[in-house]
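To start, the structure itself, in structure tokens.
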Amino acid sequence: MLVFPNAKLNLGLHITERRPDGFHTLETVMLPLPWCDALEVLPAAETTLTLTGRPIPGDPATNLCRRAYELLQADFPEVPPVHLHLHKVVPIGAGLGGGSADAAFALRALNTVLQLQLTDEQLEAYARRLGSDCAFFIRNEPALARGRGDELQPLPLPQLRGAACKVIYPNLHISTAEAYAGVTPKAPAHELRAALAGPVESWRETVVNDFEASLAPKYPLLGELKAQLYAAGAAYASLSGSGSAVFGLWPGLAQPPTMALPAEYLVWDGQL
């Protein structure tokens, strides 16, 4: 079975408190982005994982796709071994949720291949054990996320249907730990659901990613890229997640305008 784990964008991100378990309480809206990896699941004599594409740091034995299989195997010991092959396209440390998507799509594919007949609710419960963003990718539809980012409510965004989008990854890896270290939790100035109900052009003043305030002084490039997207006519531009990818939205256009960017940057152009 071949599946294509897609990235996500964050529309606004409020960090409201630090939790006793060391995590943070947040509020954000996540939106599927059709920038995809490729994941193949095949029958095998023993369970293995191979990786191609963009390098993935860390021990392959702890890769989230492998962990997804082991999580299911613990509850279903009769499942046969599989070979997992992940071709990595979505950049890491970009705030695009690529690793979380790989984990969730692995759960979904294994559920089908191994005929486990798990419901979406059950798959979401497994996904939450793999990472805070993972549960979003089980249903893979726009959602308001609260708590650790895994308490999800569907949130249609009709004003973005077919909107042109440009995502710029400036070859800068920002770890989640580094991003959170600079943030001071606070109550948001604008309620996110209400702010997103307005026209996209109004989001510039009301839809805020709290990571920008701490990361932009340390990495001025992020603010510069955001300014370039606005200069190119974007109705809204923002850092995604904890960065370092920055994106712009052009409702009503089929493709975003061309921008002069360094060759080493990764750029995704397309429609939502």
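The values are calculated or read from the model by the stated rules, or taken from the named source; none is laboratory data. Just so it is clear, the structure is predicted and the values come from calculations on it, not from any experiment. Neighbour counts run over all protein chains shown; Cβ positions are idealised from the backbone, glycine included. Heads up: the accessible areas ignore ligands, DNA and RNA and are worked out on the full protein's heavy atoms, side chains in. Shrake-Rupley method; radii C 1.70, N 1.55, O 1.52, S 1.80 Å.
The charge dipole of the chain, taken about its Cα centre with unit charges on the Cβ atoms of Lys, Arg (+1), Asp and Glu (-1) only, comes to about 400 debye.
Close amide-amide hydrogen proximity is noted between residue 241 and 10, each under 5 Å apart and 5 or more residues distant or on a separate chain (H modeled in the peptide plane; Pro and chain starts excluded). What a 1.4 Å probe finds exposed on the range 2-154 is 52% carbon and sulfur by accessible area, rounded to a whole percent.
Return the carbon/sulfur percentage of the accessible area of the range 156-249, one whole number, probe 1.4 Å, all protein chains in place.
Details: 2320 of 3920 Å².
The computed percentage sits at 59.
Semi-axes of the equivalent ellipsoid of the chain are 31, 20, 18 Å, computed as sqrt(5λ) over the eigenvalues of the C-alpha gyration tensor in descending order. Looking at the chain, send over the antiparallel percent of its DSSP beta bridges, to the nearest 5. Taking every DSSP beta bridge within the chain, about 85 percent pair in antiparallel fashion.
Heavy-atom accessible surface of the range 1-70, averaged per residue, reaches 46 Å², computed with a 1.4 Å probe.
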